[in-house]
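Each remark here refers to the structure printed beneath this line.
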Amino acid sequence: MKNIFLLIFTVLLLGSCTKDFETINENPTRGNTIAPGQQLAAAAYFLSGGREAGYANLHIFQPMVQYMNGAYGQRVGSKFVRDDFFNERVWEIFYNRSLKQLIDMLHRCDNDPQLVNYMAAGRILKVYIFSILTDTYGDVPYFEAGMAYYKNTYTPRYDKQEDIYNDLFKELTEAVKQFDATKDRLDNDIVYQGDVAKWKKLANSLRLRLGMRLSKVDENRARQEVQAAVAGGTFTSANDNFKMVHEEYAYPDLRGNGLAQALQETQTYLYSNGSATFVNYLKAENDPRLSAFFINRDSRGRDITHLTNYMPIAPGLYWWDEWGAWRAPDGTMIEQADKFCKVNTPFYQLKAPFLHFGYAEVEFLKAEAAARGWTGDDANQHYQEAIRTAMKQLDIYPDMNPVDPQKASDFVTAHTLTAGKELEQINMQKWVALFPNGYEAYANLRRTGFPKTLPVKDVDGESVTGGVMPRRLFYPATEAFNNTKNYREALNRIGGKNDWLKRVWWDK
């Protein structure tokens, strides 16, 4: 831990600043004392540390899947208003910060057989990062990305998503085989503390997730990848979860949870309200997690949930739309700013971990694979284990009141798969379990069609899509000037326009 803190203060002195690492990537020989574990840790920390890392999740993806809306910034994902700053955060952070460290580390380790475990772990983390990039934007620079210093490639080509996916599967397969217990142990590993067995489980679990992603576009390939992933060994308990541990540090420090930092901005803190789609589904299911996700407080901080019963906001609305106080059943007048339920306080905690990929999701994926007939497993058994794990999963958040064990047990017992409705049931409960990971919830919605989102209410006519949900994000405007030829080629493959209604390859 001492080494990790040293890394943080050395690498991240100015929060999200990457000045020192930019120098390294311009000329790696000037930074030859940087240990590979430090760069591996930095690459991982950038994924969910620092306020900008939380912006896309909070303002685009969470409202897109109708977890929440109401705050001004959430108009992007709630009613589909273009905002280039929020739109570009995934690209800018993942390419210019996280991948910059990771690709440099992989090149540094490539010719040293003692560092083979860093190579394997780095390849797995690289797959995770690129899977988010390509699932978010579609065709992106992949094979030539990060080659500015090593190959003088300053304008990388955009690779087809299908080609990227093929290589992601190859990388995961080879990385698992590459680990070598006789070589240097992983130091400064803030993901799994040097536990190679868990890295291997992460690789196979990622293969399971990405394999299932192909279920619409190439069912045979999807089945093959899913079967291979399960055979290789995926997460077996919550102890295998891929989560980033954060600490009580505010902006601009990367040690603080980025989503929490973004939530703590005043207008967002006060008005991130529970969306009717999500809240009403939880109510209809008698889900004991409702009180874990949301709460109502008045202007003095008092809990008034017993009066409002988790009143949700309609998708697309700002908190001030349909203005007016509300009278509770007992006659109490609830002011406009207080009537909608808000995200519960544990999710605002800077020291809250961020769960990138958990055991509950793996069990939902296995349930779906079984329901599709791709494995001989009991789909219902995986489904109920997934729900049970998702209930317990909330305990990772600081100051979270655990779901009552008896209520959790009763809920699991009451939820069994119904013939002909298995995929809907599995993916609706998966939607609940993924909260607050909007990245994966948005990808899963595009693949499965669940949840069935409600039409957005656009009081002022701001939506640039007419209320139609986007299927990808815009490429950054800077790409049009800095990488013009390759940018234009990528646009030509989707009709010649930087259009966020165009579907990515697997979203058919």
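The values are calculated or read from the model by the stated rules, or taken from the named source; none is laboratory data. Values in this document were obtained by computation on a predicted structure and should not be read as measured data. Every residue, glycine among them, receives a Cβ derived from its backbone with ideal geometry; neighbour counts consider all protein chains shown. Accessible surface is based on the protein model in full, side chains and every heavy atom, while ligands, DNA and RNA are left aside. Shrake-Rupley method; radii C 1.70, N 1.55, O 1.52, S 1.80 Å.
So which residues in the stretch 146-175 are charged (D, E, K, R) and either open to solvent by less than 30 Å² (accessible area, probe 1.4 Å) or over 30 Å from Gly232 (Cα atoms) (or both)?
Hits for the stretch 146-175 are Lys151, Arg157, Asp159, Asp167, Glu171.
Please tell me if Phe61 is hydrophobic (A, V, I, L, M, F, W, C), more than 25 Å from Ala197 (Cβ to Cβ), at pLDDT 95 or above and open to solvent by 10 Å² or more (accessible area, probe 1.4 Å).
no
For the stretch 465-488, which positions are among the hydroxyl-bearing types (Ser, Thr, Tyr) and either part of a helix (DSSP H, G or I) or touching a strand residue (DSSP E or B) at 6+ places or on another chain (Cβ under 8 Å) (or both)?
Within the stretch 465-488, Thr478, Thr484, Tyr487 qualify.
Only residues that are under 30 Å from Leu434 (Cβ atoms) and open to solvent by 90 Å² or more (accessible area, probe 1.4 Å): list them for the stretch 289-308, please.
Scanning the stretch 289-308 gives a single hit, His306.
Just wondering, is there one or more residues in the stretch 82-102 that are crowded, with 23+ Cβ neighbours inside 10 Å, touching a strand residue (DSSP E or B) at 6+ places or on another chain (Cβ under 9 Å) and not acidic (Asp, Glu)?
Looking through the stretch 82-102, none of the residues is crowded, with 23+ Cβ neighbours inside 10 Å, touching a strand residue (DSSP E or B) at 6+ places or on another chain (Cβ under 9 Å) and not acidic (Asp, Glu).
Are there helices (runs of 4 or more DSSP H) fully within the stretch 259-341 with at least 2 residues that are among the β-branched types (Val, Ile, Thr)? List them.
266-271, 276-284, 305-308
Tell me yes or no: at least one residue of the stretch 387-410 is hydrophobic (A, V, I, L, M, F, W, C) and over 30 Å from Ala250 (Cα atoms).
Scanning the stretch 387-410 turns up at least one residue that is hydrophobic (A, V, I, L, M, F, W, C) and over 30 Å from Ala250 (Cα atoms).
Yes/no per residue for (1) without any contact (Cβ under 8 Å) to a residue 24 or more places away in the chain; (2) touching a Phe, Trp or Tyr at 6+ places or on another chain (Cβ under 8 Å):
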residue	(1), (2)
Phe435	no, yes
Asn444	yes, yes
Thr453	no, no
Ala477	no, no
Leu491	yes, yes
Lys497	yes, no
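So the check is Cβ under 9 Å with 6+ separation or different chains; which pairs have a first residue in the stretch 184-198 that's within 15 Å of Phe242 (Cβ to Cβ) and a second one that's open to solvent by 40 Å² or more (accessible area, probe 1.4 Å) and of a type in the set (Gly, Ala, Ser)?
Val196/Ala181
Among the residues of the stretch 364-397, count how many are touching a helix residue (DSSP H, G or I) at 6+ places or on another chain (Cβ under 6 Å) and either part of a loop (DSSP other than H, G, I, E, B) or closer than 25 Å to Leu290 by Cα (or both).
Residues that pass the stated criteria total 20.
In the stretch 219-238, how many residues are in contact (Cβ under 8 Å) with a residue 12 or more places away in the chain and open to solvent by 60 Å² or more (accessible area, probe 1.4 Å)?
So the answer is 4.
Yes or no: Gly274 surrounded by 24 or more Cβ atoms within 10 Å (Cβ to Cβ), modelled with pLDDT of 95 or more, touching a Cys at 6+ places or on another chain (Cβ under 7 Å) and under 26 Å from Val343 (Cα atoms)?
Criteria met by Gly274.
Looking only at the stretch 165-186, count every residue that is in a helix (DSSP H, G or I) and not aliphatic (A, V, I, L, M) and tell me the total.
10
Output the residues belonging to the stretch 440-472 that are buried (at least 23 other Cβ atoms within 10 Å of the Cβ) and aromatic (Phe, Trp, Tyr).
Tyr442, the sole residue that qualifies.
Just to be sure before I move on: is Gly316 open to solvent by less than 10 Å² (accessible area, probe 1.4 Å), at positive phi and not charged (D, E, K, R) in the structure I sent?
In short, yes.
Take Ala250 and decide whether it is outside any loop (DSSP other than H, G, I, E, B), hydrophobic (A, V, I, L, M, F, W, C) and farther than 20 Å from Lys452 by Cβ.
no
Among the residues of the stretch 300-311, is there at least one that is among the small types (Gly, Ala, Ser), touching a residue at least 12 places away in the same chain (Cβ under 8 Å) and out of contact with any Gly (no Cβ under 6 Å at 6 or more places or on another chain)?
no
Give the number of residues within the stretch 399-424 that are touching a helix residue (DSSP H, G or I) at 6+ places or on another chain (Cβ under 6 Å), in a loop (DSSP other than H, G, I, E, B) and more than 25 Å from Ser205 (Cα to Cα).
4
Here is a check on your reading of the model: is Glu162 assigned to a helix (DSSP H, G or I), closer than 27 Å to Trp500 by Cα and of a type in the set (D, E, K, R)?
Against the criterion (assigned to a helix (DSSP H, G or I), closer than 27 Å to Trp500 by Cα and of a type in the set (D, E, K, R)), Glu162 qualifies.
Inside the stretch 450-508, can you point out the residues that are farther than 18 Å from Tyr318 by Cβ and among the acidic types (Asp, Glu)?
Correct list: Glu479, Glu489, Asp499, Asp507.
Limited to the stretch 488-508, what total is found for residues that are open to solvent by 20 Å² or more (accessible area, probe 1.4 Å) and under 19 Å from Ile164 (Cα atoms)?
9
With respect to Ser291, determine if the residue is polar (S, T, N, Q) and either touching a residue at least 40 places away in the same chain (Cβ under 8 Å) or under 29 Å from Ser463 (Cβ atoms) (or both).
Judged against the criteria, Ser291 is a match.
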